[in-house]
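Worksheet for the structure shown next.
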Amino acid sequence: MLTAVCGINWGDEGKGRMVDLLSENYDIVCRYQGGNNAGHTVVNDKGKFILNLMPSGILRDNVVCVMGTGMVIDLKHLFEEIGRLKSAGISITPENLKISDKAIITMPYNVLQDIMEEDRLEKATGKPYGSTRRGIAPVYADKYMKKAFRMGELLDLQRLYKRLPDILEWKNMTIKAYGFEPVKAEEMINYFETYGKPLAKFVTDTGIYLNEAAASGKNIMFEAQLGALRDIDYGIVPYTSSSSTIAAYAPIGAGVPNLKLTKTLGIMKAYSSCVGEGPFTCEYFGEKAEKLRELGKEYGAATGRARRVGPFDVVASRYGIRCQGADEIALTKLDILDGLEEIEICTHYELDGKIIDEFPFTDVLDDCKPVFEKVKGWHKDLSKCRKKQDLPKEALEYIRLLEKLCNCKIKYVSVGAERDAFIKMY
Ligand code: GDP
Ligand code: MG
């Protein structure tokens, strides 16, 4: 079984939580894109963890975690994340963590570039991209310029150091243009020596490892970061991430472009949230927004930023499901809607006086207005529900309505952050 677990919306749907739950039946969990801009919160019997780079399978003793070819890895961040997990009693060895030799290294100057550019945009246009300022866009740009360093280079640092001066000469042309001090080779060598060397033991050809695993019948889960609407090609460009968050990319980003997915599970939230900038048609403002944000505790796991919120968006979610090719859905955070008298759903957008139901080109989104419909809420604490039969009629109707509007089967519903707070619907 080769399953992709991906986000249908703007990210923060609860992917980490579902990967932690469903990895019970998997041998391997592989992150296939993105970097430490991810924030996957997992709550289980071992505690509460916020994972940025590490696949969410790391908390299961029987699971091997892979960081795939499509990822960008900040060495200091990973070194520290491993340290935090180890001090919480999680064992991390080359036996249960394998990092692709082809994954890209995020450099300290990429982080600097991200900050310089967001600050420049803020000053020049008042409209920054809303980046997490962790160097993700600049490091992916370096990858496509073919000027990035790869994890496999940690295995021969002397060879890497021969390449370093030329890369720095090129990079410093940009940094100086922003009016900043050029980056020095010693600082970068120090970065590789301090944080890169200890990680070298995890580096391997994950393609060989995953192919052998698949051939011997092992179950592999591919874990995405962010959601369809933040995809570099299909998302709300330029307010997206810089990687492919789409399930079809999973085999490529993992290191096994030859393998085909068996199933794609889309993670979709019972309402909407969006961290950072960009068009967000169904957005609530004022008191309504504050109420939902507080109920859902919508503050970014990676950055602590207050997330923008709104009701469930049928137009965006249907597009997300299509982009992901989701076979089934896990609907998360249904319990957050518990106390609401009425629940709104954004069923359509209005554009120039016409009702539309296809998600439009990003620029057009600025002119779209949401069309809301209301359904009856339920007055029951869902957090203790574990079976379909435990759900109040209105909650079941809400699930069935979303299924119908999105034309996709909702197989799981989660009603709490803890591992066992979920209901299997089929
Ligand atoms: P991810 O980036 O997709 O992994 O999602 P995040 O971890 O950033 O955001 C999801 C947040 O909701 C986390 O704080 C989770 O602990 C929490 N969460 C996940 N599922 C549920 C749920 O069903 N109910 C509640 N109340 N919280 C949930
Ligand atoms: Mg998150």
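The values are calculated or read from the model by the stated rules, or taken from the named source; none is laboratory data. Just so it is clear, the model here is predicted, and its values are computed rather than measured. Don't worry about glycine lacking a Cβ; one is built from the backbone with ideal geometry, like all the others, and counts go over all protein chains shown. Ligands, DNA and RNA are stripped out before the accessible areas are found, and what is left, the full protein with its side chains, is counted by its heavy atoms. Shrake-Rupley method; radii C 1.70, N 1.55, O 1.52, S 1.80 Å.
So the values come out like this:
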item: Residues with amide H under 5 Å from that of Glu328, placed H, sequence gap 5 or more; result: Thr264, Gly266
item: Cα convex hull of segment 105-199, projected area averaged across orientations, nm²; result: 6.3 nm²
item: Fraction of alpha-carbon pairs over 16 Å apart in segment 18-112 - percent; result: 53 percent
item: Karplus (6.51, -1.76, 1.60) ³J(HN,Hα), θ = phi - 60°, over segment 352-369, in Hz, Gly and Pro reported as x; result: 6, x, 10, 8, 10, 10, 9, 5, x, 4, 3, 4, 5, 4, 4, 9, 8, 10
item: Length-normalised contact order for segment 1-144 - Cα pairs under 8 Å, 6+ apart - percent; result: 20 percent
item: Residue-wise HN-Hα coupling along segment 327-334, computed from phi with Karplus coefficients 6.51, -1.76, 1.60 (Hz; x: Gly, Pro); result: 7, 8, 10, 10, 8, 10, 6, 5
item: Rg and Dmax of segment 297-426, Cα atoms only, in Å; result: 15.7, 46
item: Charge context of Val314, other residues only, Cβ under 12 angstrom, K/R +1, D/E -1; result: -4
item: Rule-of-thumb Rg ratio for the chain [Cα; 2.2 N^0.38 Å; N residues]; result: 0.98
item: Inter-label distance, nm, simple model (7 Å from Cα along the C-beta direction), Met173/Lys127; result: 2.9 nm
item: From phi via Karplus (6.51, -1.76, 1.60), per-residue ³J(HN,Hα) for segment 4-20 in Hz, x at Gly/Pro; result: 9, 10, 9, x, 8, 10, 9, x, 6, 7, x, 5, x, 4, 6, 5, 4
item: Top of Gln113, Gln33, Gln158 by mean-square fluctuation, Gaussian network on the chain, Cα under 10 Å; result: Gln158
item: Helix axis angle, 157-177 relative to the chain longest principal axis, alpha carbon, degrees; result: 70 degrees
item: For Ile105, distant residues with modelled amide H under 5 Å away; result: Ile73, Phe149, Arg150, Met151
item: Heavy atoms of His77: accessible area, 1.4 Å probe, square angstrom to 10; result: 40 Å²
item: With every protein chain in place, the chain: carbon and sulfur % of accessible area (1.4 Å); result: 52 percent
item: Principal-axis tilt of helix 206-215 within the chain, Cα atoms, nearest 10 degrees; result: 50 degrees
item: FRET E, pair Asp61, Lys354, Förster distance 45 Å, beta-carbon r, rounded to 0.05; result: 0.25
item: Between 0 and 90°, nearest 10: helix 75-87 axis offset from the chain longest Cα axis; result: 60 degrees
